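Trainee: One structure is given below, represented as structure tokens, and several questions about it will come after.
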Amino acid sequence: MTAATRARQRGATRARAAYARQAADRREEFGRLRQGGATIAQGAERMGVSYEQARRWDVQLRVEKPGYAPPARSQAMEAARQRWLAKAQARYEAYLELREQGLKPEAIAQRMGVSLGTVQRYQRIYRKHSGIGSWWGQRSAELKPRILACLQQRPGVELSAYDLQRKLSLATDHTYSVHAVMRDLIAEGLAELVPGVRDRGVAPSVAPARRYRYIGGDR
């Protein structure tokens with residue numbers, strides 16, 4: 001290692017140490033503001049940093065300094081927060097009622113007087129609370145009882161995804177969801193996959209086809 005390289009490394013080390021001291025001093029100054037009654041937003045404005053940076057400082061001070069205890073929300077702020085939460089919960093419950101009526105997101109947004117983006121946010125919350133990770137998962141969860149009932153009415157009959165869509169009057173874009181439901185039913189031992197070829201209809205083909213058969217009553 002040359003002398004010039006060692007000199008550069010020492011300079012970089014000193015610069016990092018100086019930056020760390022400066023950052024610690026600014027964090028301490030922010031902590032004093034918070035202890036004096038300033039909110040995180042007020043502290044961020046006084047320090048000239050973003051709200052997210054101020055939040056990180058606040059969390060770090062709580063971890064590093066056991067005695068760091070900025071004042072809690074004022075009673076007025078807490079009351080306003082609780083009122084907002086109550087209104088938000090009421091809006092979400094209104095969304096659930098309209099959703100149960102089978103309305104589409106656009107119609108729900110119009111009835112509630114909110115944007116479509118708000119309704120889509122409610123949809124994400126609903127899927128999260130229901131344990132459904134995606135839009136496809138939501139559709140599959142709704143279709144599962146209908147598909148299972150259709151299969152139970154036809155024990156031993158081989159049905160393709162197209163057959164199930166036709167019998168349940170589903171649109172053609174439900175194919176993926178039908179296959180997803182059938183994979184779940186196969187995993188639960190209620191149905192089985194019957195490999196074959198597309199030899200039905202007016203245009204026979206040797207292409208592979210997936211058909212399903214209900215076996216729940218046989219086990």
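The values are calculated or read from the model by the stated rules, or taken from the named source; none is laboratory data. All of these numbers come straight from a predicted model, not from anything done at the bench. FYI the Cβ positions are ideal-geometry reconstructions off the backbone, even for glycines, and counts take in every protein chain you see. Accessible surface areas use protein heavy atoms only, side chains included; no ligands, DNA or RNA. Shrake-Rupley method; radii C 1.70, N 1.55, O 1.52, S 1.80 Å.
Trainee: Taking the highest mean first, how do the peptides 174-183, 12-21, 40-49 order by number of other beta carbon atoms within 10 angstrom per residue?
Mentor: On the way: 174-183: 19.0, 12-21: 10.0, 40-49: 15.3.
Listed from highest to lowest mean packing, they are 174-183, 40-49, 12-21.
Trainee: Taking each pair of different alpha-carbon atoms in the range 82-132 once, compute 1/r for the pair, average those values, and report the inverse of that mean as the Kirkwood hydrodynamic radius in Å to one decimal. If you can, show how the numbers build up before the last one.
Mentor: Numbers: mean 1/r = 0.0899 Å⁻¹.
After inverting the pairwise mean of 1/r, the radius is 11.1 Å.
Trainee: Also, quick follow-up: For the range 1-129, what is the Kirkwood hydrodynamic radius in Å, using each pair of distinct C-alpha atoms?
Mentor: The Cα-based Kirkwood calculation yields 19.2 Å.
Trainee: Before I look further, what does the range 20-110 give for accessible area per residue, probe 1.4 Å, in whole square angstrom?
Mentor: That works out to 70 Å² per residue.
Trainee: Can I ask one more? Would you kindly compute the Cα radius of gyration of the range 37-102 and its largest Cα-Cα separation (Dmax), both in Å?
Mentor: That works out to 17.9, 54 Å for Rg and Dmax.
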